[in-house]
1. Looking at GLU167 and the list (1) at pLDDT below 90; (2) open to solvent by 100 Å² or more (accessible area, probe 1.4 Å), which single condition is not satisfied?
2. Cβ-Cβ below 9 Å, separation at least six or inter-chain, first residue in the stretch 181-209 and among the small types (Gly, Ala, Ser), second in a loop (DSSP other than H, G, I, E, B) and open to solvent by less than 100 Å² (accessible area, probe 1.4 Å): which pairs?
3. Would you confirm whether any residue within the stretch 26-40 is under 28 Å from VAL147 (Cβ atoms), open to solvent by 20 Å² or more (accessible area, probe 1.4 Å) and either hydroxyl-bearing (Ser, Thr, Tyr) or modelled with pLDDT of 90 or more (or both)?
4. So if I check each of ASP151, ASP135, ASP164, which one is among the acidic types (Asp, Glu) and over 28 Å from LEU65 (Cβ atoms)?
5. Looking at PRO187, PRO175, which one is open to solvent by 100 Å² or more (accessible area, probe 1.4 Å) and out of contact with any strand residue (DSSP E or B) (no Cβ under 7 Å at 6 or more places or on another chain)?
6. Could you tell me whether any residue of the stretch 132-143 is more than 12 Å from the chain's Cα centre (by Cα) and open to solvent by 60 Å² or more (accessible area, probe 1.4 Å)?
7. Take the residues in the stretch 165-211 that are outside any loop (DSSP other than H, G, I, E, B) and within 46 Å of the chain's Cα centre (by Cα), then tell me which one is farthest from VAL130 (Cα to Cα).
8. State all residues of the stretch 138-164 that are in contact with a Gly (Cβ under 7 Å, 6 or more places away or on another chain) and either in a strand (DSSP E or B) or within 14 Å of ILE76 (Cα to Cα) (or both); if no residue qualifies, say none.
Amino acid sequence: MAEKLDLNRASIEELEKIAGITRTLARNIVTTRDRQGGFSTLAALHDINGINADLFAVLKEYVALDAAAAQEQTRIVRVNLDPKGQHTGGYGGYKVTAELVALSVLPGTEEHVSVPRAITADTSVDGVSVLTLPDLAVIQGSISFIVRSPDGQIMARVELTRSDLRETLALPVAPRGLPTTQPSGNPAFNQPDKLRGRVIDRAGRVLIAGKQVVIWTARTDNPQDEDLRQ
């Protein structure tokens, strides 16, 4: 094997050709890889029963991770806020954000760094949001899904592992009710007040013109400074 196998693509047959890797162990490696959506680091092999330090040293000579190829792949996840269809049409302006950490290759190098990411998508009026996430092989740790209402309030937050991800996730969130207004019989309601008159000096003799006038009012008798409003 002159060229190393990509651990995230190698078959059972290819893995069992490596010295010390039995068919059962090769099957365990592939099963674990597929269950968690790929390996992000070679060190993850330590978690597989049957791989000790000596066998891991052998594997490192024959397998590698093609992180750049994994980063080119994506995973589409649909988040449904109304799985029972109880609030149809009530999710206008809602957003869903996935917060995660993913491996990224530094340009021009083979060095991998962990980069926090926040991926946001609008929600349809019926409560479905479609997010494009990185390939599971490069995601580190858990993923937080956050639902925000149109005013930015967090309505729900859930943390999932990579193995919890499905093509469609049900995340029930009841939308907030829209504010209601009460009719007013006053035609001047919510209209600016108008004042008519002239501005004169304290003695009442000189008409003042060309000056800005600021009017302070209060709703109490003998108001204090804190009672006055412009």
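1. Every listed condition holds for GLU167 apart from (1).
2. ALA209/VAL199
3. yes
4. ASP151
5. PRO187
6. no
7. ALA170
8. ARG162
The values are calculated or read from the model by the stated rules, or taken from the named source; none is laboratory data. The model shown is predicted, which means the values in this text are computed figures rather than measured ones. Reconstructed Cβ throughout: ideal geometry from the backbone, glycine too, with neighbour counts over all protein chains shown. In case anyone asks, the SASA skips ligands and DNA or RNA and just uses the protein heavy atoms, side chains included. Shrake-Rupley method; radii C 1.70, N 1.55, O 1.52, S 1.80 Å.
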